[in-house]
Amino acid sequence: MVTELLEIAQEELEHFQMVHDIIKARGYQLGPERKDSYVHELFKFMNKGGNRIQRMVDKLLLSAMIEARSCERFKLLSNTIKDEELSKFYYDLMVSEASHYTTFITFARKFGKGVDVEKRWKQLIEFESKIIKSYGTGESLHG
């Protein structure tokens, strides 16, 4: 698991480098980090008690959810943006995020001994649906 998670971390850093390169090439600067309300709200789902396995499963499922939603957003962007370079870039990110999602949820199922991973996943989906509804209908990538 550690080897695959390190590969994901390296890939995410490469994505950040690519984003930064595109920003610079277009004459912009990376702005200050903004609070990600969506992720912040999702963290409230995390099992604060429980045992190590339960906490690990929650972290893996939370990561899977974030990657799945990113995949959806990148698909939407890649299909609608008129800029061909960014369309391809977002498509490639979509494919990558889909792979990350499946890796995280597979690890939760594989290493979540004693945890009803499917039940917990459904609970997270229900929790997330309340977060999404609270945002209304404004356009946003992560809250």
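The values are calculated or read from the model by the stated rules, or taken from the named source; none is laboratory data. All values derive from a computational prediction rather than experimental measurement. Counting neighbours? That spans all protein chains shown, and the Cβs are built from the backbone with ideal geometry, glycine included.
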Those residues of the stretch 97-116 which are farther than 21 Å from T3 by Cβ and touching a residue at least 60 places away in the same chain (Cβ under 8 Å), in sequence order:
G114, V115
Please name all residue pairs, on different chains or six or more residues apart, with Cβ atoms under 8 Å, provided the first residue is in the stretch 69-95 and is farther than 21 Å from L13 by Cα and the second residue is modelled with pLDDT of 95 or more and among the hydroxyl-bearing types (S, T, Y).
N79/S87; I81/S87; I81/Y90
Any chance you could count how many residues in the stretch 1-43 are of a type outside the set (A, V, I, L, M) and in a helix (DSSP H, G or I)?
18
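Residue-by-condition table, conditions (1) within 15 Å of the chain's Cα centre (by Cα); (2) within 19 Å of I22 (Cβ to Cβ); (3) of a type in the set (G, A, S):
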| residue | (1), (2), (3) |
| --- | --- |
| N79 | no, yes, no |
| E84 | no, yes, no |
| F89 | no, yes, no |
| S96 | yes, yes, yes |
| K113 | no, no, no |
| L124 | yes, no, no |
| K133 | no, no, no |
Any idea which residue in the stretch 17-45 is nearest to the chain's Cα centre (by Cα), counting only those that are modelled with pLDDT of 95 or more and of a type in the set (G, A, S)?
A25
Neighbours by Cβ (under 6 Å, 6+ apart or cross-chain): first from the stretch 117-129, touching a residue at least 12 places away in the same chain (Cβ under 8 Å); second of a type in the set (K, R)
V117/R109
Condition first: under 23 Å from F89 (Cβ atoms), charged (D, E, K, R) and in contact (Cβ under 8 Å) with a residue 24 or more places away in the chain. Now tell me which residues in the stretch 13-43 satisfy that.
D36
All positions within the stretch 85-132 that are in a loop (DSSP other than H, G, I, E, B) and either touching a Ser or Thr at 6+ places or on another chain (Cβ under 8 Å) or of a type in the set (A, V, I, L, M) (or both):
V115
Return only the number of the condition from (1) aliphatic (A, V, I, L, M); (2) within 28 Å of Y135 (Cα to Cα); (3) in contact with a Phe, Trp or Tyr (Cβ under 8 Å, 6 or more places away or on another chain) that M1 does not satisfy.
(2)
